[in-house]
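The values are calculated or read from the model by the stated rules, or taken from the named source; none is laboratory data. Since the structure is predicted, the reported quantities are computational estimates derived from the model, not experimental observations. Cβ coordinates were reconstructed from backbone atoms using ideal geometry, including for glycine residues, and neighbour counts include every protein chain displayed. Ligands, DNA and RNA are stripped out before the accessible areas are found, and what is left, the full protein with its side chains, is counted by its heavy atoms. Shrake-Rupley method; radii C 1.70, N 1.55, O 1.52, S 1.80 Å.
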Amino acid sequence: MKAAVLKSLGSPLVIENAPEPVLGTGEVIVDVVATRVLSYMNEVFSGARNYALDLPIIPGPGGIGRVRAIGPDATKLSVGDWVFCDPTVRSRDDAAAPDIALQGLTAPGAGAMRLQQHFRHGSFAEQMRVPTENVKRLGTITPEDATRWCALGTLLVPYGGFLAANLQPGETVLVSGATGNFGSAAVSVALAMGAACVVAPGRNDKILADLVRRFGDRVKPVRLSGNEDDDRESMKRAAPVPIDCVLDIMPPSVSTNVVRAAIMTVRAYGRVVLMGGVGMAGGAGLELPYPWIMRNCISIHGVWMYPPDAASRLIALVRAGLLRLEEYEATAFDLDHANEAVDHAAANGGPFKLTVIRP
């Protein structure tokens, strides 16, 4: 099969013929139709993100495709089914605390690296091998639809955060990082889950106005000034009622002051979910006052990715019309132009934008 292979950090992807994946028990082979390119994939390939990769590797975290072959443990899937391939691969021998690798992207920790050595190759190829439990049926779609369905990979991340926070219909949410790619997805997911109001802070007036245009007056934009105390009060005033839940999904480059200002807007007995990259590139840690956390009974939950059933539940939100994939503007490349796709994703990583490879 044709594949894009990363052979060393800092070098371009090599488009070449690679061995087709071999089916084993507990696995599914999928013909890849479309796969998203992360906006920071260039940083992964250069080594700037310090992601754990056992090279050489076919990269690509998940994608949309059709089932090519199934193992004996698959009782609902059929050859030809349209599916989403969830890249979050979990070890199967410790349900309480599984090791997790992101197929085709990273494997933090020794256990995750063992997973990557088997489920190492991702979706920048004509075929991929996926754990059976990671293959989620989409129902009937067209080949053209597959491009936009790649947005599931982005939407699933904040969805996992809101599931961890036990977000309830009618609650008020603040999304820290609302003007970014994952943050704007978080705004749409929160509204789809029934949030009454989403406070959306940021410094880009154009993007803030676009969020309101897309989703209406349930979105409350806040223009950040850079002063921690002033911004905290502005965010609180924007919410018509006390803020029940704060989701932080800021990138590594952001100051901890910005994150702390958002977190400390949450009401007493409120919930905070940390999903961003702050601190991953070094620098100061996030300092929060112990008395404020304790006396206000604040729940702080670190979340990486989402639970195993999240993808099927999110697909149901899309099918119900509550979450609109039509919000996304997609640009597609063929596999021969995978390097151009990586460059394009880096330059066009804003809200509701998708860069997709169609093998």
Next on the checklist: Quick check on region 24-66: take the gyration tensor over C-alpha atoms, sort the square-rooted eigenvalues as a ≥ b ≥ c, and tell me if it's rounded (a/c under 1.5), prolate or oblate.
Outcome noted: oblate
Next on the checklist: Quick check: convex hull of the Cα atoms in region 88-170, volume per residue, rounded to a whole Å³?
Outcome noted: 144 Å³
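Would you work out if region 228-293 is rounded, prolate or oblate? Take a ≥ b ≥ c from the square roots of the eigenvalues of the alpha-carbon gyration tensor; rounded if a/c is under 1.5, else prolate when a/b is larger than b/c, oblate otherwise.
prolate
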Checklist entry - Who wins for biggest fluctuation among Ser11, Ser312, Ser234 in a Gaussian network model of the chain, springs between alpha carbons below 10 Å? => result Ser11
Checklist entry - Among Pro307, Pro59, Pro158, whose mean-square fluctuation peaks in a Gaussian network model of the chain (Cα, cutoff 10 Å)? => result Pro307
Checklist entry - Over all distinct Cα pairs, what is the inverse of the mean 1/r for region 165-290, reported as the Kirkwood hydrodynamic radius in Å? => result 14.2 Å
Item to check | Kirkwood Rh, Cα atoms: Rg over Rh of the chain | outcome: 0.97
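Of the listed pairs Lys236/Lys353; Lys76/Lys353; Lys2/Lys353; Lys7/Lys206, which have alpha-carbon separations greater than 31 Å here?
Check vs 31 Å cut-off fails for Lys76/Lys353; Lys7/Lys206.
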Next on the checklist: If you restrict to DSSP beta bridges whose two residues both lie in the chain, what percentage is antiparallel, to the nearest 5?
Outcome noted: 55 percent
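Give the range of the longest stretch in the chain that excludes all GluC sites (Glu not before Pro) found in loop regions by DSSP and having at most 14 other beta-carbon atoms within 10 Å.
No qualifying site falls inside 1-143, the longest such stretch.
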Next on the checklist: One quarter of the convex hull surface, Cα atoms only: what value does that give for region 258-359 in nm²?
Outcome noted: 9.9 nm²
Checklist entry - Across 10 Å bins from 0, what is the distribution of all Cα-Cα pair distances for region 259-318, in whole percents? => result 18, 39, 29, 14, 0
Checklist entry - So what is the accessible area of the chain per residue, in Å², with the probe set to 1.4 Å? => result 42 Å²
Checklist entry - Counting each DSSP H run of 4 or more residues in the chain as -39500 (n - 2.57), what helix-only mean residue ellipticity at 222 nm follows after dividing by all residues, to the nearest 500 deg cm²/dmol? => result -8000 deg cm²/dmol
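Given contacts defined as C-alpha pairs under 8 Å and at least six residues apart, what's the relative contact order of the chain, whole-number percent?
On the way: 839 pairs, mean separation 68.5, N = 359.
Once divided by the residue count of the chain, the mean separation gives 19 percent.
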Checklist entry - Looking at the square roots a ≥ b ≥ c of the eigenvalues of the Cα gyration tensor of region 307-359, which shape do they give, rounded for a/c under 1.5, prolate if a/b is larger than b/c, or oblate? => result prolate
Next on the checklist: Output needed for region 1-117: three equivalent-ellipsoid semi-axes, defined as square roots of 5 times the C-alpha gyration tensor eigenvalues, in descending order, whole Å.
Outcome noted: 24, 19, 12
Checklist entry - Roughly how much of Trp292 is accessible, in Å² to the nearest 10, using a 1.4 Å probe? => result 40 Å²
